[in-house]
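One structure is given here, and the rest of the page talks about it.
Only the coordinates and a few stated rules stand behind these numbers; no lab work does. What you see is a predicted model; the values in this text were computed from it and never measured. Backbone-built Cβ (ideal geometry, glycine too); neighbour counts: all protein chains shown.
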Amino acid sequence: LLLLLLLLLLLLLLLLLLLLLLCTFRREAQRDAAAEPLLSSFLYASILAHDSFERALAFVLSARLHNTVLLPSQLFDTFLEVLLTQPDVTAGAMADIEACAQRDPACLSPSMALLHYKGYHSLQTHRISSALYRQGHRVMALALQSRLSEALGVDIHPGAQLGQGVFLDHACGVVIGETAVIGNNVTIMQGVTLGGTGKEIGDRHPKIADNVLVGACSTVLGNIAVGEGALIAPGSLVLKPVPAFAMVAGAPAKQVGCRQPQSTAQSV
């Protein structure tokens, strides 16, 4: 009974946070529509016409990913069903919005990330495709992976596991393999590959712990662990495990320093 009450309280808290987030989006959309009349129709269709965060997100994603055979109305229904029935997907989407606002100085508002950030769109498409993949809808999940790669240049296998508060900055040319695991509050820059060596089968992709920063154009290969709070410098080739709070650089990457544990969450 106590566990049930706790779950109900958590659901009520999530609903409250969703309502507050929607109110923030609506206020920002109304402000921006008044300042930029040319965008008023876009802002109305994307945010102001919807009565929930889930519906607004489903609309934005379907508008971004549809093509001649994946119709926007069909994608919208598919995305919305997952968002409404999988609280972890919605919670991840909310945490990723906060990550954009906190870690990107160029992000003017949360609604900017929702409307325009292809890294955010890529993550939420993956979260939805991953939920479908776990439910046995693997063909649909893989179709979404293919469409995401084609439309936004980000290739994340639906089998990959992502934590909350993930930030894909710029999100050009990011590749994440099937058995990769990414923790909470991880930042991944453009051109990053979390892949396999080609010599392994089964569990063959990196395991990235919480609060890790993976620099631009870095490559991490194989079933290796990157410890909590680690920093991988841009252009690095990581082939061996990385200790917690280590700074690595080079090809192949070697440890060149350490980060302070108390600063990683703020500076990631």
* Structure fact -> the stretch 1-68, Kirkwood Rh and Cα Rg, ratio Rg/Rh at 1.16
* Asked: Considering only the stretch 142-268, what is the antiparallel percent among its DSSP beta bridges, to the nearest 5?
  -> 15 percent
* For the chain, what proportion of DSSP beta bridges, expressed in % and rounded to the nearest 5, is antiparallel? -> 15 percent
* Just need the Rg to Rh number for the stretch 103-209, please, alpha carbons only, Kirkwood Rh. => 0.96
* To do: Over the alpha-carbon set of the stretch 53-113, work out the extent along each principal axis and list the three values in angstrom, largest first.
  => 37, 25, 13
* Asked: Relative to the longest principal Cα axis of the chain, at what angle does helix 138-152 sit, 0 to 90 degrees, rounded to 10?
  -> 90 degrees
* Asked: Over the Cα atoms of the stretch 14-170, how large are the radius of gyration and the largest Cα-Cα distance (Dmax), in Å?
  -> 14.7, 46
* Structure fact -> Quick shape summary for the stretch 173-268, equivalent ellipsoid via Cα gyration tensor, semi-axes whole Å in descending order, reads 20, 13, 12
* Can you pull the three principal axis extents for the Cα set of the stretch 69-159, in Å, largest first? -> 38, 28, 25
* To do: Treating each Cα of the chain as an identical point scatterer and ignoring solvent, apply the Debye formula and state log10 I(q)/I(0) at q = 0.13, 0.14 Å⁻¹.
  => -0.87, -0.99
* Asked: So how strong a dipole does the stretch 10-105 carry about its Cα centre when Lys and Arg Cβ are +1 and Asp and Glu Cβ are -1, to the nearest 20 debye?
  -> 180 debye
* How many angstrom lie between the C-alpha centres of the stretch 121-148 and the stretch 156-233? -> 17 Å
* Specify the angular offset, from 0 to 90 degrees and rounded to the nearest 10, of the alpha carbon long axis of helix 72-85 from the longest principal axis of the alpha carbons in the chain. => 70 degrees
